[in-house]
1. Looking at (1) within 16 Å of the ligand (Cβ to nearest atom); (2) assigned to a helix (DSSP H, G or I); (3) touching a Lys or Arg at 6+ places or on another chain (Cβ under 8 Å), which is the one condition that is false for LEU334?
2. When both residues are 6+ apart or on different chains and their Cβ atoms are under 6 Å apart, which pairs have a first residue that lies in segment 121-150 and is under 15 Å from PHE369 (Cβ atoms) and open to solvent by less than 10 Å² (accessible area, probe 1.4 Å), and a second that is part of a helix (DSSP H, G or I) and at pLDDT below 95?
3. Within segment 185-204, work out how many residues are in contact with a helix residue (DSSP H, G or I) (Cβ under 6 Å, 6 or more places away or on another chain) and either open to solvent by 20 Å² or more (accessible area, probe 1.4 Å) or within 16 Å of the ligand (Cβ to nearest atom) (or both).
4. Being part of a helix (DSSP H, G or I), touching a residue at least 24 places away in the same chain (Cβ under 8 Å), within 14 Å of the ligand (Cβ to nearest atom) and of a type outside the set (Lys, Arg): is that true of ALA160 here?
5. Say we look at segment 206-243 and pick out the residues that are among the charged types (D, E, K, R) and assigned to a loop (DSSP other than H, G, I, E, B); which of these is farthest from the ligand (Cβ to nearest atom)?
6. For segment 45-61, which residues satisfy the criterion of being open to solvent by 10 Å² or more (accessible area, probe 1.4 Å), more than 16 Å from the ligand (Cβ to nearest atom) and not aromatic (Phe, Trp, Tyr)?
7. Of everything in segment 19-44 that's open to solvent by 30 Å² or more (accessible area, probe 1.4 Å) and part of a helix (DSSP H, G or I), which residue is nearest to the ligand (Cβ to nearest atom)?
8. Inside segment 184-202, can you point out the residues that are part of a helix (DSSP H, G or I) and touching a strand residue (DSSP E or B) at 6+ places or on another chain (Cβ under 8 Å)?
Amino acid sequence: MKIAKSGTLMKKAVSLIPGGVNSPVRACRSVGAEPVFVARAEGCYLWDVDGNRYVDYIGSWGPMILGHAHPAVQDALRQTLLKGTSFGAPTELEVELAQLIIDAVDSVEMVRMVNSGTEATMSAIRLARAVTGRDMIIKFDGCYHGHADSLLVDAGSGVATLAIAGSPGIPADLIKHTLSLPYNDVETVQRMLERYAEKIACIIVEPVAGNMGLVPPKTGFLESLRQLCDSCGALLIFDEVMTGFRVAFGGAQALYGIVPDLSCFGKIIGGGLPVGAYGGRRDLMEQVAPQGPVYQAGTLSGNPLAMAAGIATLREIAKPGFYERLEQASQKLLAGLVDAARQAGVQVWADRVGSMLGMYFTPGPVYDFQQAKKSDLDLFARYYKAMRRKGVYLAPSQFEALFVSAVHTDEAIEQTIEAAGQAIVEALDQ
Ligand code: HOZ
């Protein structure tokens, strides 16, 4: 495997960009690797600048549910591009995407487009604080809701990968309003609500946690959050940036039958372009400026290219049979990965919700972040590097999920499983 060109680019990048990257996890530091620089991608494959091909299970961290360079998305982008790229004024495309989201997600009656998941969660929290007149929020350890100050407390994803509790630069006066509690632990939420009932503006949760590996909600967890919010007048916010249109067309809330007050989206609704959105009950969303007093704005919000890519993506994934095919491919992949590890004598804990997957090198169980952190991270690092040498591109962190697309072919999945069998043996030998 040649890596010369990626190596040269990284040397230059680190002198120009902090850590050489524009988002920390992709620097691959926690697995002791250098990043590959991507040249292009198509379907379930991507190619680096040295010409190596990989089966891609990052999928741009979730958006690429149709695979890379899908013709419908490409066509929509080409047509839109010819008409101009940004107007900072309303467009028909924004109305169309808003309608698609509202039609798909029962709890969303109005929606506001923003530019990233971080913006969506930050704005939803602001709205929750405004309408309740309360400051405190509850989140869960290992859940990651982007890098807004209030939410960067015991967060997952890059924060977990770099093993830091939060970030310098966030005022203690602000963080004191955030309670981070163990995921899947209803009793602790209950206890905290008894103590702070009148002060909690909202509970924000990843309904399927995808930023500490993959941790599904235990039966009853989300239902209990709904009831607890109702009993103390707090809002329930589902962060569906990863799960929205991924685990089901209507998101995790459709899968589990829960109605949150507000929901946050990103990733898939932008079809691979930068986007985010937050939405929910009409009476709440009507508080957002200019209809209401809660201010939030953005020059590139509702960008026509992002809207066009999102619309094309949602139209494709709404087609009959789409999620069934995804389910089969994902099921086959996870069973194969687990089998390969167990055949090599390694105990693993694995979980899957739709096409989001996670596998930890631990006997488990893994129902929360503390348990996820008990997995063998050194073995994961060696496994990651061996898989990459064999042409499989996994997230370079135990605390990220794997994403399967609709164009991961049987051939690509079989190749991955075969690689996994060899990679785990190599990882154990090192
Ligand atoms: N933190 C995001 C994944 N959970 C994005 C990582 C990246 O783009 O490097």
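The values are calculated or read from the model by the stated rules, or taken from the named source; none is laboratory data. Model, not experiment: these values are computed from the prediction. Glycine also receives a Cβ, built like all others from the backbone with ideal geometry; neighbour counts cover every protein chain displayed. Accessible surface is based on the protein model in full, side chains and every heavy atom, while ligands, DNA and RNA are left aside. Shrake-Rupley method; radii C 1.70, N 1.55, O 1.52, S 1.80 Å.
1. Against the list (1) within 16 Å of the ligand (Cβ to nearest atom); (2) assigned to a helix (DSSP H, G or I); (3) touching a Lys or Arg at 6+ places or on another chain (Cβ under 8 Å), LEU334 comes up short only on (1).
2. Here the result reads HIS145/LEU151, each pair linking segment 121-150 to a residue that is part of a helix (DSSP H, G or I) and at pLDDT below 95.
3. Residues that pass the stated criteria total 2.
4. yes
5. LYS218
6. Across segment 45-61, the qualifying residues are VAL49, ASP50, GLY51, ASN52, ARG53.
7. Across segment 19-44, the extreme among qualifying residues is ARG26.
8. Those that are part of a helix (DSSP H, G or I) and touching a strand residue (DSSP E or B) at 6+ places or on another chain (Cβ under 8 Å): THR188, VAL189, MET192, LEU193, TYR196, LYS199.
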